[in-house]
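Undergrad: Can you keep this structure in mind? I'll have questions shortly.
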């Protein structure tokens, strides 16, 4: 069957056409070589009949050799150096075989020794040259060479490694002015060894720091660039920020090159435009090397439950977990619209995945138990929480009931139903908390740590990270709304700074952290009955350097093509209750231990024994349930000793909690 298929391929009209062309070139090459030899010698020794027999013999031998090597299989439009090497190999073998055949048949009596030597480069040139010419014709390089550049096209500079500029310029040349409305006037490359060289006739003019001089010189020549276009999809965020600053100072735009696949798919009839710079580009860090096999092994074939699935982190967790092929995906959220949206997305993106959606609140203990009893999850990701600092400050009891009681209900249900692993999503605001939100998350961490040590049924993994760029209720959507209204953008304090990471990056590292052992070493499959995280360590994600919120506001304005303080003003409103100038991912007393995965560390915060923690939690939750604010804040201060927040004035004070007094917790 295989041989019949191969024969059928060889007899295909397109294959026969290319093979016939190559054989014709072999005959022509021999004739040209003989003509050069004899014509230049005034035809002495010229035997017409013999010459045609020699050419026919050369064509027959070439047909056999070219067929065996497979020259006819190459697609001329994509001819490359590998195809040239194949041609060199085929022509060399066929020439040697031709000489041997002529020697045995005629002893080379009428064939000058110089003819095979002349024929070899002629045939290589005919075969390789025709393929190159066809490729240039199809790719548009011929047309680009003869096309005069329209003065109406927008001049741009390309920024990025020169090797990435080459395929981009090639596709742009193929599309022509209708397919790409920009004119490339030069390249910017940080590699000094490339300066002064050319890529497809475009000169490499210098690096980022030389941009003011480069723009000035091009302007003097009447070719001032209107945009800098980044061709490197993985350019570091710090480099993008640096370019944005330079472009802003020069009054020119900054954009990203269209994807190469978009250019290749275009026929040039409609223009392919550059892409605007996104805030995520400014944040971008080098891609972490992740152990995706371990992540796949942890999730594939398992029953997975995600609480808070309608939130920013919960929704991205849902997407990434679904892609890892769980047996069943259970999503839970108390917000109807958010749950509807993520469930609809799963239905459209993963139609064959078995899933359940529960409109439930983790604060309802009985409902949590019902869901666990019905679905029997093997892995739980707990992302449900109240996270908006000012709102939780105004509603501290609600924050405690959701973040502490909700976490306790989920953790207890995990243990009671034999869940292999529970992954709790925490926050940098749990470190030295100045807000009820941060303190409540720290107390939730304490409970998961204590349960991880006290039992061996469920492995508890707590992952702590900072702000997620563009999440609901965060500063970036606020800035964008304010910008759309014409400003001003409001910043609490000129020195306030926060850690940021993209939603995708955060969730990838959360999944990766869940695969690690308690010591940060080998992968863990999180199966039922797995050993717990015995040392109570917390996984901390590397968030890079903190970013000033003022800088972020200025970038939002710049990316809109406007100037901060001129087109759009920025005003300062003062720190809100519970907010800090600076956040930390770990306490000063916590020693960070690196893991085998770059970007994930282990921290060792203080612990409270479960036997002392549970009574204190009972009192805390009773105070929250009865809205006894004085007792609530006292208990928060006891359970989170580094808590520095203060109760807001005007909070309603009710009766004292009825839970009994208990001994003070023991800290380790």
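The values are calculated or read from the model by the stated rules, or taken from the named source; none is laboratory data. Bear in mind the structure is a predicted one, so any value in this text is a computation, not a measurement. Every residue, glycine among them, receives a Cβ derived from its backbone with ideal geometry; neighbour counts consider all protein chains shown.
Undergrad: Tell me whether the range 136-159 contains one or more residues that are surrounded by fewer than 19 Cβ atoms within 10 Å (Cβ to Cβ), modelled with pLDDT under 85, in a helix (DSSP H, G or I) and at positive phi.
TA: Checked against the condition, which is being surrounded by fewer than 19 Cβ atoms within 10 Å (Cβ to Cβ), modelled with pLDDT under 85, in a helix (DSSP H, G or I) and at positive phi, the range 136-159 yields no hits at all.
Undergrad: Go through the range 418-450 and report how many residues are under 21 Å from residue 309 (Cβ atoms) and out of contact with any helix residue (DSSP H, G or I) (no Cβ under 8 Å at 6 or more places or on another chain).
TA: Qualifying residue count, the range 418-450: 1.
Undergrad: Could you tell me whether the range 366-388 includes any residue that is closer than 26 Å to residue 603 by Cβ, more than 26 Å from the chain's Cα centre (by Cα) and in a helix (DSSP H, G or I)?
TA: Within the range 366-388 (the criterion being closer than 26 Å to residue 603 by Cβ, more than 26 Å from the chain's Cα centre (by Cα) and in a helix (DSSP H, G or I)), the answer is no, since none of the residues qualifies.
Undergrad: With the structure loaded, tell me whether residue 88 is surrounded by 13 or more Cβ atoms within 10 Å (Cβ to Cβ), modelled with pLDDT under 85, farther than 14 Å from residue 21 by Cβ and not assigned by TED's automatic domain parsing to the domain that holds residue 173 or whether it fails that test.
TA: In short, no.
Undergrad: A follow-up question, please. Identify, from the list 536, 544, 578, the residue that is at pLDDT below 75 and under 30 Å from residue 227 (Cα atoms).
TA: 544
Undergrad: Hey, another quick one. Could you tell me whether residue 411 is modelled with pLDDT of 95 or more and in contact with a strand residue (DSSP E or B) (Cβ under 7 Å, 6 or more places away or on another chain)?
TA: Yes: the conditions hold for residue 411.
Undergrad: Okay, next question. Against the conditions (1) buried (at least 22 other Cβ atoms within 10 Å of the Cβ); (2) modelled with pLDDT of 95 or more, where does residue 298 fall short? Just the number, please.
TA: So residue 298 meets the others, but not (2).
Undergrad: Can I ask one more? Anything in the range 342-363 that is touching a residue at least 24 places away in the same chain (Cβ under 8 Å) and more than 25 Å from the chain's Cα centre (by Cα)? List them, or say none.
TA: 354, 355, 356, 357, 358, 359, 360, 361, 362, 363, listed by residue number.
Undergrad: Same structure again: Mind listing just one residue for me: the one in the range 206-238 that is within 26 Å of the chain's Cα centre (by Cα) and assigned to a loop (DSSP other than H, G, I, E, B) and, of those, farthest from residue 183 (Cα to Cα)?
TA: Only one residue fits best here, namely 236.
Undergrad: Now for a different question. Looking only at residues that are surrounded by fewer than 17 Cβ atoms within 10 Å (Cβ to Cβ) and farther than 14 Å from residue 409 by Cβ in the range 609-626, which one is nearest to the chain's Cα centre (by Cα)?
TA: Taking the candidates together, the pick is 609.
Undergrad: Looking at the range 470-490, is at least one residue in contact with a helix residue (DSSP H, G or I) (Cβ under 6 Å, 6 or more places away or on another chain), in contact (Cβ under 8 Å) with a residue 12 or more places away in the chain and assigned to a strand (DSSP E or B)?
TA: Checked the range 470-490: at least one residue is in contact with a helix residue (DSSP H, G or I) (Cβ under 6 Å, 6 or more places away or on another chain), in contact (Cβ under 8 Å) with a residue 12 or more places away in the chain and assigned to a strand (DSSP E or B).
Undergrad: Does residue 449 satisfy the criteria of being out of contact with any strand residue (DSSP E or B) (no Cβ under 8 Å at 6 or more places or on another chain), over 21 Å from residue 577 (Cβ atoms) and in the same structural domain as residue 603 (by TED's automatic domain parsing)?
TA: no
Undergrad: For the range 48-79, what are the residues that are under 39 Å from the mean Cα position of the chain (by Cα), at pLDDT below 75 and part of a helix (DSSP H, G or I)?
TA: The answer is 76, 77, 78.
Undergrad: Applying the selection to the range 436-445, what residues are touching a residue at least 60 places away in the same chain (Cβ under 8 Å) and within 33 Å of the chain's Cα centre (by Cα)?
TA: Passing the criteria: 437, 438, 439, 440, 442, 445.
Undergrad: Scan 422, 346 and give me the residue that is touching a strand residue (DSSP E or B) at 6+ places or on another chain (Cβ under 9 Å) and assigned to a strand (DSSP E or B).
TA: Of the residues listed, the single one that is touching a strand residue (DSSP E or B) at 6+ places or on another chain (Cβ under 9 Å) and assigned to a strand (DSSP E or B) is 422.
Undergrad: Among the residues of the range 317-341, how many are within 23 Å of the chain's Cα centre (by Cα) and surrounded by fewer than 23 Cβ atoms within 10 Å (Cβ to Cβ)?
TA: 6
Condition check ((1) at pLDDT below 85; (2) in a loop (DSSP other than H, G, I, E, B); (3) touching a helix residue (DSSP H, G or I) at 6+ places or on another chain (Cβ under 8 Å)) across all residues:
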residue	(1), (2), (3)
602	yes, no, no
617	no, no, yes
638	no, no, yes
641	yes, yes, no
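Undergrad: Do we have any residue at all in the range 110-129 that's closer than 18 Å to residue 19 by Cα, without any contact (Cβ under 8 Å) to a residue 24 or more places away in the chain, under 56 Å from the mean Cα position of the chain (by Cα) and surrounded by fewer than 18 Cβ atoms within 10 Å (Cβ to Cβ)?
TA: There is at least one residue in the range 110-129 that is closer than 18 Å to residue 19 by Cα, without any contact (Cβ under 8 Å) to a residue 24 or more places away in the chain, under 56 Å from the mean Cα position of the chain (by Cα) and surrounded by fewer than 18 Cβ atoms within 10 Å (Cβ to Cβ).
Undergrad: Got at least one residue in the range 391-403 being within 24 Å of residue 330 (Cβ to Cβ), assigned by TED's automatic domain parsing to the domain that holds residue 311 and without any contact (Cβ under 8 Å) to a residue 60 or more places away in the chain?
TA: Yes, because at least one residue in the range 391-403 is within 24 Å of residue 330 (Cβ to Cβ), assigned by TED's automatic domain parsing to the domain that holds residue 311 and without any contact (Cβ under 8 Å) to a residue 60 or more places away in the chain.
Undergrad: Would the range 250-271 turn up any residue that is modelled with pLDDT of 75 or more and on the phi > 0 side of the Ramachandran plot?
TA: Scanning the range 250-271, I find at least one residue that is modelled with pLDDT of 75 or more and on the phi > 0 side of the Ramachandran plot, so the answer is yes.
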